[in-house]
1. On full extension of the chain, what length is gained from N170 through Q23, given 0.36 nm per residue of separation minus the C-alpha to C-alpha distance?
2. Quote the relative contact order of the chain in percent (integer), defining contacts as alpha-carbon pairs under 8 Å separated by 6+ residues.
3. Once you've got the GNM for the chain with C-alpha springs shorter than 10 Å, pick whichever of A143, A158, A48 has the biggest mean-square fluctuation.
4. Any chance you could count the Lys pairs in the chain whose alpha carbons are under 25 Å apart, treating pairs 8 or more apart or on different chains as valid?
5. Tell me the net charge near G98. Cut-off is 13 Å between Cβ atoms, G98 excluded, with +1 for each Lys or Arg and -1 for each Asp or Glu.
6. The stretch 1-92: percent of C-alpha pairs farther apart than 19 Å?
7. If you stretched the chain out fully between N36 and T88, how much longer would it get, using 0.36 nm times the residue separation minus the C-alpha to C-alpha distance?
8. If you filter the stretch 33-120 for trypsin sites (Lys or Arg not before Pro), then keep DSSP loop positions with at most 16 other Cβ within 10 Å, what is left?
Amino acid sequence: MKTEKEKMLQGDLYDPSDATLVQDRINARLLFRKYNNTPESEIEVRTALIKQIFGTTGNTIHVESDLKVDYGYNIHVGENFYSNYDLTILDVARVTIGDNCMIAPGVHIYTATHPTNPVARNSSKEFAFPVTIGHNCWIGGRAIINPGITIGNNVVIASGAVVTKDVPDNVVVAGVPAKIIQTIK
């Protein structure tokens, strides 16, 4: 029999009120609160904390406050990662972000979702789909990346875009829902 955490990590319907998962979320909140309250002048402390929050990181990483995550351990960022203020990542499933990525203020990345059937949704169970962002991407301010999305390499997501479908390499997407508006050459 699978644990609720195993179900969650495998993308199955799971119960988020499971004691282990509740404790994992509490641990993440304690860590990101400590991170957010650590002065920017304490670069080494902040770097150590962000590397403790995220599952894996490159050597060069900079995340402005405030950061919010569900678990943290499902977030994997590459080398030379930069995030501006107010990044929210609901990392119920794996979030993978490649090398040389920049995230503007107020970006939200969601993996968590709920059944569309109201009876199933009212059960309080949920599931998640991973998000993958390639190398050399720039995610504009207040953009939203929805569950299960794969964003290719060298992509620009315009400010305010809501990404509801996969994005191929070398394009700029904008709008609600996001659509390709330019090819990058």
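The values are calculated or read from the model by the stated rules, or taken from the named source; none is laboratory data. Bear in mind the structure is a predicted one, so any value in this text is a computation, not a measurement. All Cβ positions, even for glycine, are placed from backbone atoms using ideal geometry, and neighbour counts span all protein chains on display. For accessibility, only protein heavy atoms count, side chains too; no ligands or nucleic acids. Shrake-Rupley method; radii C 1.70, N 1.55, O 1.52, S 1.80 Å.
1. My answer for the length gained is 48.9 nm.
2. 14 percent
3. Of A143, A158, A48, the Gaussian network model singles out A48 as fluctuating most.
4. 16
5. -3
6. Considering the stretch 1-92, 40 percent of its Cα-Cα pairs are separated by more than 19 Å.
7. 17.5 nm
8. none
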